[in-house]
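J.: Structure in structure tokens, see below.
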Amino acid sequence: MKKQVGQVFTPLNWAKWLINKWGIFDAWIDGAHVCDPTAGQGIFALAMLHIARNRGIPITSERLSRITLIEMIPTHLKHFKREVRREFNIDFPAAQVFCKDIITKKHDEKYDILIGNPPWANFGDLPAAYKKVIKPFFIQEGLVDNKQQLLLGSSRVDMAALVLKVVVGKLLNQNGLGYFYLPTSLFFGESAHRGFRNYKADYRHFAIDNVYEFSTTTVFEGVSTSYCCARIHADKKQKFPVTYYRESEGNWVEYKAVPFENQNAPWRIVQNIDELKTDNSLEISLTPEQKPRQGVNTCGANNIFIYEHKPSHLPEHLLFPLATKEIWRQDKSSPHRWIMLPYCRETGKPLTHEQIQKYDTLCSYLQNFRDVLRDRKGTMLQTFISRGNWWAMLGVGPYSFAPFKVMWEAYGRNKFNPMVLSSVDGQMWQGNQAMHAFIPCWSEENAHKIKIALENPEILKLLRQLNGGGKCNWAQPGKIKKLLSFLEIDG
Ligand SMILES: C[S@@+](CC[C@H](N)C(=O)[O-])C[C@H]1O[C@@H](n2cnc3c(N)ncnc32)[C@H](O)[C@@H]1O
């Protein structure tokens, strides 16, 4: 059941790189006990042995007794032992190799140094049976407050966050050190990683003082997540700024990282602390109905609801222009995609069974896909489906039918370019899931006012400092809500 939990193996040269960068090899030679708590095929231990051989330093049994590997998949550890025998003609001591789940099983030893690359996987993507087993540990480690939170927004919380908390809290000696390759979302993620950023593990403080973010070099092939390596000190309170290096044309450029607003907030990256003096006029007046929103989420049924050409057999008033990148690249905004929303535009609710039956073609079209639509996953969606509205989607409400929208590209961009979109033949533009975010407006004048307010260059500056450039959380509604102070006005 636990097979394939976040397996991204480190190449040998990058394991050596991390070891050399932080003097881990020398610390080992000087007597430190080193452990890789999620060792995979033991590349960090192998790298230590390679460095010893290259430097002509004997691999004694005393030195070997100060390297430990923990891994839950037995074949990985067998592979490691075979590799040590083949490369170094050594039988790696069995007492230093533990095949166990480091989250759920007790481990008695403690170490001076932890190294490695904890599993990279969102909680939401784990096998169902394993989710059940480790859920209580996410709560115990303060990563989420309750099980409900895991089901909803925080299902994006990463296993790496949990493993780090467990191993720093339970496996490090007093003032021990950890050196890891990590997804940068631990530092820049919104609510999902707030719990990681209490900088406490098992009631012990921990502090991150040095981070190297890879932006051009590929350390891990085929990984789309942004990653870094970081040094962690156990039993030290987190202090800011953190020294933050970012790759630029083959060099490491030094920046400072500080939390945005309070201690647990995502980090901002600046070159000078002076840059932090933000113009405090980032205020926008909105009514309570104008909360920034993501686009429509068909929950895996894009092929049923989204079309390249406007279908003539479906009721025209249910077909809406869907935003695509062309809107931001071309001057005139004619639709390149259409989305069908079988919804009542006055209430923002799915059409009832009776309302759907009024349209023969719609009714038979949806019936063709009934089983697929009913089988879509997701707790919130299933609430609609259990009420019989199996044609429902997420992210549709009265706001979807506002006559104007100030919309921007929210995912994977470096530019923040809000546009006012009105309607095409009376049909309102819709955003596509996390790709787009928008503020609904009920007058054109209000839409233009909001667009102008959003064009404040301080917003783009802040978004860049929050390190979301090119990443999935570039300008998502939650982040925009935090950047700006929205003055609530009466509708
Ligand atoms: C990202 S891989 C890295 C492996 C190795 N450190 C490397 O850098 O090549 C993470 C490893 O952690 C293991 N793993 C995942 N969850 C674990 C757990 N709860 N306890 C022990 N090992 C775990 C996976 O099987 C995988 O081999």
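Coordinate-derived values only; no laboratory data. Treat the numbers as computed from the prediction; the structure is a model and nothing was measured. No Cβ is skipped: glycine too gets one built from the backbone with ideal geometry, and neighbour counts run over all protein chains shown.
J.: Count the DSSP beta bridges whose two residues both fall in the chain, then state the antiparallel fraction as a percent rounded to the nearest 5.
T.: Numbers: 49 of 72 bridges.
That works out to approximately 70 percent antiparallel.
J.: Lys482 to Asp26: extension gain in nm, 0.36 nm per residue of separation minus the Cα-Cα distance?
T.: Numbers: separation 456, 0.36 × 456 = 164.16 nm, distance 4.44 nm.
159.7 nm is the gain from fully extending Lys482 to Asp26.
J.: Would you please give the residues with an amide H less than 5 Å from that of Tyr343, counting only those at least 5 places away or on a separate chain, with H modeled from the backbone geometry?
T.: Excluding prolines and chain starts, which carry no amide H, the hits are Leu351.
J.: Compute, for the chain, the length of the dipole vector about the Cα centre, with Cβ point charges of +1 (Lys, Arg) and -1 (Asp, Glu) only. Units Debye, rounded to 20.
T.: 1140
J.: Report the full-extension gain for the segment Lys461 to Ser386: residue separation times 0.36 nm, less the Cα-Cα distance, to one decimal in nm. The partial results should precede the final answer.
T.: Working: separation 75, 0.36 × 75 = 27.00 nm, distance 4.47 nm.
The span from Lys461 to Ser386 would gain 22.5 nm if fully extended.
J.: Given labels modelled 7 Å from the Cα in the Cβ direction, how far is it in nm from Arg85 to Ser215?
T.: For Arg85 paired with Ser215, the spin-label model returns 4.7 nm.
J.: Under 20 Å from the Cα of Lys451, which aspartates and glutamates turn up, not counting those fewer than eight places away in the same chain?
T.: Lys451 reaches Asp279, Glu283, Glu289, Glu326, Asp331, Glu409, Glu488, Asp490.
J.: Counting other beta carbons within 10 Å of each Cβ, put Asp26, Asp101 in order, fewest first.
T.: Values: Asp26 12, Asp101 16.
By the 10 Å Cβ count, ascending: Asp26, Asp101.
J.: Give the residue list of GluC sites (Glu not before Pro) in the range 223-329 that are DSSP loop and have at most 11 other beta-carbon atoms within 10 angstrom.
T.: Numbers: sites: Glu247, Glu249, Glu254, Glu261, Glu275, Glu283, Glu289, Glu308, Glu316, Glu326; in loops: Glu249, Glu261, Glu308.
Loop-located and lightly packed - Glu249, Glu261, Glu308.
J.: So what's the gap between the Cα centers of the range 47-91 and the range 274-343, to the nearest angstrom?
T.: Rounded to whole Å, the Cα centres lie 54 Å apart.
J.: Pairs to check: Lys135/Lys291; Lys132/Lys482; Lys106/Lys200. Give those whose C-alpha atoms are more than 25 Å from each other in this structure. Intermediate values should be presented prior to the final figure.
T.: Details: Lys135/Lys291 31 Å; Lys132/Lys482 32 Å; Lys106/Lys200 19 Å.
The pairs that break the limit, which is 25 Å between Cα atoms, are Lys135/Lys291; Lys132/Lys482.
J.: Let me ask you something else. May I ask which residue of His76, Ile29, Pro58 lies farthest towards the positive end of the charge dipole of the range 1-117, with charges of +1 (Lys, Arg) and -1 (Asp, Glu) on Cβ and the Cα centre as origin?
T.: With unit charges placed on the Cβ atoms, the residue in question is His76.
J.: Report the Cα centroid-to-centroid distance between the range 402-450 and the range 353-378 in angstrom, as an integer.
T.: Centre-to-centre (Cα) distance: 28 Å.
J.: May I pose another question? Kindly put Thr104, Thr225, Thr218 in sequence by how many other C-beta atoms sit within 10 Å of each C-beta, fewest to most.
T.: Details: Thr104 14, Thr225 17, Thr218 10.
Fewest-to-most Cβ neighbours within 10 Å comes out as Thr218, Thr104, Thr225.
J.: Rounded to the nearest 20 Debye, what is the dipole magnitude of the range 12-276 about its Cα centre when Lys and Arg each give +1 and Asp and Glu each give -1 at the C-beta? Mind dumping the intermediate values first?
T.: Numbers: 33 positive and 28 negative charges, 147 e Å.
Using only the charged Cβ atoms, the result is roughly 700 debye.
J.: With r defined as the distance between the Cβ atoms of Glu346 and Asn173 and R0 fixed at 41 Å, what FRET efficiency is calculated, to the nearest 0.05?
T.: Using R0 = 41 Å, I get an efficiency of 0.05.
J.: Now, a different point. How far apart, in nm, are the 7 Å Cα→Cβ label points at Ser224 and Val133?
T.: Modelled inter-label distance: 2.8 nm.
J.: While we're looking at this one, here's another question. Using a simple spin-label model with points 7 Å from Cα along the Cα→Cβ vector, what separation in nm is obtained for Ser422 and Thr104?
T.: Between Ser422 and Thr104, the simple spin-label model gives 5.9 nm.
J.: In the range 260-409, if the dipole is taken from +1 on Lys/Arg beta carbons and -1 on Asp/Glu beta carbons about the Cα centre, which of Gln271, Asn368, Ala392 is farthest to the positive end?
T.: Among Gln271, Asn368, Ala392, the one farthest towards the positive end of the dipole of the range 260-409 is Asn368.
J.: Another one. Treat the count of other C-beta atoms within 10 Å as a stand-in for reagent exposure and order Thr38, Thr10, Thr347, Thr184 from fewest to most. Can you show the working numbers first?
T.: Details: Thr38 28, Thr10 23, Thr347 11, Thr184 19.
So the residues, fewest neighbours to most, are Thr347, Thr184, Thr10, Thr38.
J.: On to the next question. Given Cβ point charges of +1 (Lys, Arg) and -1 (Asp, Glu) and nothing else, what value in debye, to the nearest 20, does the dipole of the range 285-488 about its Cα centre take? List each step's numbers first, then the result.
T.: Working: 26 positive and 17 negative charges, 158 e Å.
Magnitude of the dipole: close to 760 debye.
J.: Starting from the Cα of Lys358, draw a straight line to each of the lysines and keep only those under 20 Å, dropping any in the same chain fewer than 8 residues away.
T.: Lys349
J.: Once you've got the Cα coordinates, tell me which of Lys131/Lys377; Lys256/Lys461; Lys100/Lys237; Lys449/Lys481 are over 20 Å apart. Show your work: numbers first, answer last.
T.: Details: Lys131/Lys377 16 Å; Lys256/Lys461 15 Å; Lys100/Lys237 30 Å; Lys449/Lys481 17 Å.
Violating the 20 Å limit, Cα to Cα: Lys100/Lys237.
J.: Using +1 at the Cβ of each Lys and Arg and -1 at the Cβ of each Asp and Glu in the chain, identify which of Cys299, Phe88, Ala475 lies farthest towards the dipole's positive end.
T.: The one lying farthest along the dipole's positive direction is Phe88.
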